[in-house]
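The values are calculated or read from the model by the stated rules, or taken from the named source; none is laboratory data. If you're wondering where the values come from, they're calculated on a predicted model, not measured in any experiment. Because the Cβ atoms are built from the backbone with ideal geometry, glycine has one as well, and the counts that use them run over all protein chains shown. All accessible areas refer to the heavy atoms of the entire protein, side chains included, with ligands and DNA or RNA removed. Shrake-Rupley method; radii C 1.70, N 1.55, O 1.52, S 1.80 Å.
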Amino acid sequence: MKIAVYSAQPYDRRFLDEARRQHAAGVVDAVYFSDPLTLDTVPLAQGCAAVCVFVNDQLDAAVLQALHALGVRAVLLRCAGFNNVDLNAGARLGLFMARVPAYAPEAVAEHALALVMTLNRHTHRAYARVREGNFALDGLLGMTLHGKTVGIVGAGQIGTAAARIFKGLGCTVLVSDPAPAPQLDGVATRVSLDQLLAASDIVSLHCPLMDATRHMIDAASLARMKPGAMLVNTSRGALIDTAAVIEALKSGQLGALAIDVYEQEASLFFHDHSSDIIADDVFQRLMTFPNVLVTGHQGFFTVEAMREIAAVTFANLACHMHGAPCANLLPI
Ligand code: NAI
């Protein structure tokens, strides 16, 4: 069987090839394309029975229909979130669609911590300063995290890992989740979203992007946050209304913003645009704030997580090939 791997970076190829040699040598052939999956790039999957995709690939009804017409019968997501997939269209076409539900929740939670630590203690600025012989502390003032209140929105696998980390730092941890993971006793207190926003010095988003959570952080919820609080998003960009966040940063209501994901990231992230003119004025405005830190969707990016993603992707494919039950099917 041949699979077409879209949005493939050199590191994807390295880990997927490693897993293929281990789990599917001689059975599965992979072709790699750096292009994202869109209606225009569907023909690249000619001759392939499966496609392997990532967070910013387009899997709407038209694309799924076109893939099906080419003979593709399986869609393998090498990520957990599936907000980019038209589940109804996939079900209608009878496609096998599976994801990697958990590859390293701790990796993403640790990245959220890295963002908080960097932004709070300004280590990114200190690094550049010290290398230039500037040892002044002006502008590097942070707060002691011990004793502060951290609000975790979405206490699933990643949110629970984040809750444990912040508890370990001596923070009071609040969680808001309609169905939190059960292991939070003694670690965090369950509260409503409004209570969490009002009480937290740091709010960290870990819930999935769905219709109900799109722009959950908008002008109204920003106004309910503690003045000067820090907002962290390592989940999905569209949880945040970026225009409203910019206004809150300008007024000082929002004290700092750290994001690993961005609403319009598809045209920017995972590629080198250092010689390009970036046309996204909203993103460029964000870049002007000294209290904003952006990373390009790297929360998952650890050796352990990449190995797990590749192994589970091939395990999912094996289920499809052998008609075996698969625990990682998308909910359709
Ligand atoms: P999970 O499914 O284990 O947990 C999500 C939690 O959110 C669940 O407990 C659910 O009940 C809760 N939830 C649903 N609606 C909610 C709402 N309205 N308010 C509060 N909580 C709500 O998912 P997991 O593995 O923890 O991943 C969370 C998200 O992190 C994913 O959906 C994905 O978008 C993102 N992610 C980001 C990565 C990165 O590299 N930055 C890597 C992996 C995932």
Could you check the spin-label model distance between Asn83 and Asp35? Points 7 Å from the Cα along Cα→Cβ, value in nm.
2.7 nm
Accessible area per residue for segment 105-294 in Å², computed with a 1.4 Å probe and the full protein assembly in place, what is it?
48 Å²
Rg over Rh of the chain, using C-alpha atoms and the Kirkwood radius, what does it come to?
0.99
Sequence neighbours fewer than 8 away in the same chain don't count; with that in mind, list the aspartates and glutamates whose C-alpha is under 16 Å from Lys148.
Asp201
Report the accessible area of Met143, computed with a 1.4 Å probe over the heavy atoms of all protein chains in place, in Å² rounded to the nearest 10.
60 Å²
Cysteines not pairable in the chain (beta carbon separation under 4.7 Å absent):
Cys48, Cys52, Cys79, Cys171, Cys207
Less than 16 Å apart at the alpha-carbon level, and either on another chain or at least 8 residues along: which lysines does that give for Lys250?
Lys226
Of Ala198, Ala126, Ala66, which has the largest mean-square fluctuation in a 10 Å C-alpha GNM of the chain?
Ala126
Ala61 and Ala219 label points (each 7 Å along its Cα→Cβ direction) are spaced in nm at 3.3 nm
Accessible surface of segment 105-294 [probe 1.4 Å, protein heavy atoms]: carbon and sulfur percent:
55 percent
Aspartates and glutamates near Lys2 by alpha-carbon distance under 14 Å, same-chain residues fewer than 8 away left out - which ones?
Asp17, Asp29
First select every other residue whose beta carbon is under 14 angstrom from the beta carbon of Val63; then total the charges, Lys and Arg +1, Asp and Glu -1.
-4
By how many degrees, 0 to 90 and rounded to 10, does the Cα axis of helix 105-121 deviate from the longest principal axis of the chain?
30 degrees
Helix axis angle, 10-23 relative to the chain longest principal axis, alpha carbon, degrees:
50 degrees
